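**Q** Have a look at the structure that comes next, please.
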Amino acid sequence: MNDCIFCKISKGELPAKLVYEDPELFAFEDIAPQAPTHILICSRKHMVNLADSKEEDGALFGRALLLASRLAAKRKLTSGYRVVVNNGRGAGQTVFHLHFHLLGGRDFRWPPG
Ligand code: AMP
């Protein structure tokens, strides 16, 4: 995807504060953080969102959640954290490259807005 900003970050063509990377996943600080910790965990493979996923992507999603847990431990988010996927415009998705938000460092309400 030539015009996808997260593909550009993945390839190093756009700057980002990377906190993790491997051949399948990369993670970076959100540019407009909604909590003291706000990290985006992305697949290198371009997928629009969960609705665009295939059976074979299951292991990658599992790895993304494990990474969220590792990063939360590293940030010492001991009182809790939230992992969010905004799937589709109506759910608040604004960047159409699958990503998991890791949010922590403050209290959260339920239900979410
Ligand atoms: P979503 O609304 O779920 O699609 O989330 C997209 C997120 O990407 C938002 O939280 C934005 O603040 C964040 N974002 C957009 N552009 C950048 C960027 N260049 N670097 C880091 N985060 C970004």
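The values are calculated or read from the model by the stated rules, or taken from the named source; none is laboratory data. Since we're looking at a predicted model, the values are computed, not measured. Positions of Cβ are generated from backbone atoms using ideal geometry, with glycine treated the same way; all protein chains shown enter the neighbour counts. Ligands, DNA and RNA are excluded from the accessible area calculation, which covers all protein heavy atoms including side chains. Shrake-Rupley method; radii C 1.70, N 1.55, O 1.52, S 1.80 Å.
**Q** Quick one: accessible surface of Lys17, probe radius 1.4 Å, all protein chains present, in square angstrom to the nearest 10.
**A** Result for Lys17: roughly 150 Å² accessible.
**Q** Each residue of the stretch 32-47 in order: what ³J(HN,Hα) in whole Hz does its phi give by Karplus 6.51 cos²θ - 1.76 cosθ + 1.60, θ = phi - 60°, with x for Gly and Pro?
**A** Working through the residues one at a time gives 10, x, 9, 6, x, 10, 9, 10, 9, 9, 10, 7, 5, 5, 6, 10 Hz.
**Q** Label-point separation (nm) for Gln34 and Leu14, each offset 7 Å from Cα along Cα-to-Cβ?
**A** About 1.8 nm, to one decimal.
**Q** Per residue, how much accessible area does the chain show when a 1.4 Å probe rolls over the protein heavy atoms, in square angstrom?
**A** Normalised by residue count, the accessible surface of the chain is 62 Å².
**Q** For the chain, what % of the accessible area comes from carbon and sulfur atoms, probe 1.4 Å?
**A** Exposed carbon and sulfur together represent 55 percent of the surface.
**Q** Then there is this: Convex hull volume of the Cα atoms in the stretch 1-60, per residue, in Å³?
**A** So the per-residue Cα hull volume is 107 Å³.
**Q** Also, quick follow-up: Among Glu24, Glu56, Glu13, which one moves the most in a GNM of the chain with springs linking Cα atoms closer than 10 Å?
**A** Glu56
**Q** Still on this model: What 222 nm value per residue comes from the helices of the chain, counting each DSSP H run with n ≥ 4 as -39,500 (n - 2.57) and dividing by all residues, nearest 500 deg cm²/dmol?
**A** So the calculated ellipticity at 222 nm is -6000 deg cm²/dmol.
**Q** Let me ask something additional. Please work through the chain and write down the cysteines that have no neighbouring cysteine Cβ at a distance under 4.7 Å.
**A** Among the cysteines of the chain, those whose Cβ sits 4.7 Å or more from every other are Cys42.
**Q** Divide the volume of the convex hull of the Cα atoms of the chain by its number of residues and quote the answer in cubic angstrom per residue.
**A** 110
**Q** Within the set Lys8/Lys45; Lys8/Lys76; Lys17/Lys76; Lys11/Lys76, which residue pairs have Cα atoms separated by over 22 Å?
**A** Violating the 22 Å Cα-Cα cut-off are Lys8/Lys76; Lys11/Lys76.
**Q** Return the single residue from Ala27, Ala16, Ala68 with maximal mean-square fluctuation; model: Gaussian network over the chain, springs between Cα atoms under 10 Å.
**A** Its mean-square fluctuation being the largest, the pick is Ala16.
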